[in-house]
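One structure is given here, and the rest of the page talks about it.
The values are calculated or read from the model by the stated rules, or taken from the named source; none is laboratory data. Since the structure is predicted, the reported quantities are computational estimates derived from the model, not experimental observations. Cβ coordinates were reconstructed from backbone atoms using ideal geometry, including for glycine residues, and neighbour counts include every protein chain displayed. When the accessible area is computed, the model is the full protein with side chains, heavy atoms only, and any ligands, DNA or RNA have been set aside. Shrake-Rupley method; radii C 1.70, N 1.55, O 1.52, S 1.80 Å.
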Amino acid sequence: MQILAIHPEVSRTKVGVWDSGILYSNTIPWEEQTAHFLQNEITEWLHTIPIPVQSLQAVAARGGYLKPIQSGVYEINDLMIRDSQQGQYGNHPANLGPIVGSYFMELLAIPGFVVDPVSVNEVWPKAMVTGCPDMIRNSYGHALTIRYVSRMAAEEQQISLETSRFVVAHLSTEINIASVLGGRIVDLNNANDEGPFSLERAGGLPFASLLELCSKIRSQEEMLNIVLKQSGLKGYLGISDLQEIQTRTDEFSKLVYEAMIYQISKEIGAYAAVLKGNLDGIVLTGEMVRFDHLVDQIKKRVGFLGPIMLYPGDQDLCALVNGVIRILNKEETAEIYPKESDNYGFYHTEKRFVI
């Protein structure tokens, strides 16, 4: 079984070809963030691997900011492509996934799918209430990886995914921590808005101090650059290389590093409370999980909540491929976009003022 996987990200695009258990992969840095550029780069790379392009059977693409939908594997269709192009629900490099995927679908006459896009929203409606009627929480995050490692953890525990109860921490450049009930992400933090600070992102911030900082910054774009790219470990220490940070011996570097671990652990505890502390385990995944000291410190703080399972490194391409394999093997049926999430109506609820 040969599957082309395409995973656009902020600073790069990961691409791979799955060939019956072997994953050939490559990373494409952005020179220009366009579908045309990506199509050409992927085409050139495909001719460098020992897999005939004509043997590809399907395309698996990352989906970006689409209409809030249920989890699952979706056929790439015209409406999905249009919503991705127009950025009606937000702009992100992941929006190029369905667009570039459709190019290879047409070129090779093969089916194409998106697996658990960024816009999966199955959180409980009560988790979307902020306390301010003018704002809601949204559930944008790494649904692709979170659901994939939940599936693997259920298999490791020899339990059904449909009855499983996990807290999953995706620890990478951005941090998502989620409560996953029966394979459904019922609550998680949007790393752009809240949660622990990470390598470059600020996470949740004190409200009054944030307003004061905004008043000093000239534009929204500059402010977003500060909190999303120039904060976290990078903001405090000038670097976002976790390996180098762990070698530093000065007290301030150690304090900031320990503070990040402290915030991650505290957030895991909060999302365990969402599931009333009744857990089958805590699942840690992402590039940070490659660092033993960080993992050990998290275990010391949250190990009392249940067994901790580790899936270190980048799982994105495997998650895309795994989803499409389930469709090709007829273990699942592909969904038709848009399949609106149960709480989609929450986005359109008018404010109710009680006097």
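Structure notes:
- Of interest is the spacing of the C-alpha centroids, which for the stretch 213-246 and the stretch 1-55 amounts to 31 Å.
- Scaling against 2.2 N^0.38 Å puts the C-alpha radius of gyration of the stretch 58-129 at 1.13.
- Rolling a 1.4 Å probe over the protein chains gives residue 30 an accessible area of about 50 Å².
- When you restrict to C-alpha pairs under 8 Å that are six or more residues apart and normalise by the size of the chain, the relative contact order lands at 18 percent.
- Gaussian network model of the chain, Cα within-10 Å springs - most flexible of 147, 12, 165: 12
- Convex hull of the chain built on C-alpha atoms - directionally averaged projected area, nm²: 19.7 nm²
- Summarising the amide proton neighbourhood of residue 283: residues at separation of 5 or more, or on other chains, whose placed amide H is nearer than 5 Å comprise 167, 168, 169, 309.
- Distance cut-off 19 Å, percentage of C-alpha pairs in the stretch 221-319 lying past it: 52 percent
- Relative to the longest principal axis of the Cα atoms of the chain, the long axis of helix 35-46 makes an angle of roughly 70 degrees.
- Anisotropy class of the stretch 113-189 from Cα gyration tensor, a/c 1.5 cut: prolate
- Fraction of alpha-carbon pairs over 24 Å apart in the stretch 1-160 - percent: 38 percent
- Cα centre as origin, Lys/Arg/Asp/Glu Cβ charges: the chain dipole, Debye: 800 debye
- √(5λ) per eigenvalue of the Cα gyration tensor, the stretch 272-317, largest first, Å: 20, 14, 7
- J(HN,Hα) series, the stretch 72-89, from Karplus relation 6.51 cos²θ - 1.76 cosθ + 1.60, nearest Hz, glycine and proline x: x, 9, 10, 5, 6, 10, 4, 5, 4, 5, 4, 5, 5, 5, 7, x, 4, 9
- A probe of 1.4 angstrom, applied to the heavy atoms of all protein chains, finds residue 254 with accessible area near 90 square angstrom.
- Ignoring aspartates and glutamates fewer than eight residues from residue 234 along the same chain, the ones with Cα atoms less than 18 angstrom from its Cα are 174, 193, 194, 200, 222, 244, 250, 251, 258, 287.
- Rounded to 10°, Cα long-axis angle of helix 292-302 versus longest principal axis of the chain: 60 degrees
- The chain: most fluctuating residue of 163, 145, 249 per GNM, C-alpha cutoff 10 Å: 249
- Alpha carbon convex hull of the stretch 1-70, projected area averaged over orientations, nm²: 5.7 nm²
- Vicinal HN-Hα couplings computed from phi for the stretch 268-275 (Karplus, 6.51 cos²θ - 1.76 cosθ + 1.60; Hz; Gly/Pro x): 4, x, 5, 6, 5, 5, 4, 9
- Backbone phi angles across the stretch 135-141, fed through the Karplus curve with coefficients 6.51, -1.76 and 1.60 (θ = phi - 60°), yield HN-Hα couplings of 9, 10, 7, 10, 10, 5, x Hz in residue order; Gly and Pro are listed as x.
- Pairs with C-alpha atoms separated by more than 28 Å, drawn from the list 14/67; 276/299; 126/330, are 126/330.
- Structure-based [θ]222 nm, the chain - -39500 (n - 2.57) summed over DSSP H runs of at least 4, per residue, nearest 500: -11000 deg cm²/dmol
- Accessible surface of the chain [probe 1.4 Å, protein heavy atoms]: carbon and sulfur percent: 50 percent
- Cα centroid separation - the stretch 301-320 against the stretch 74-101, whole Å: 29 Å
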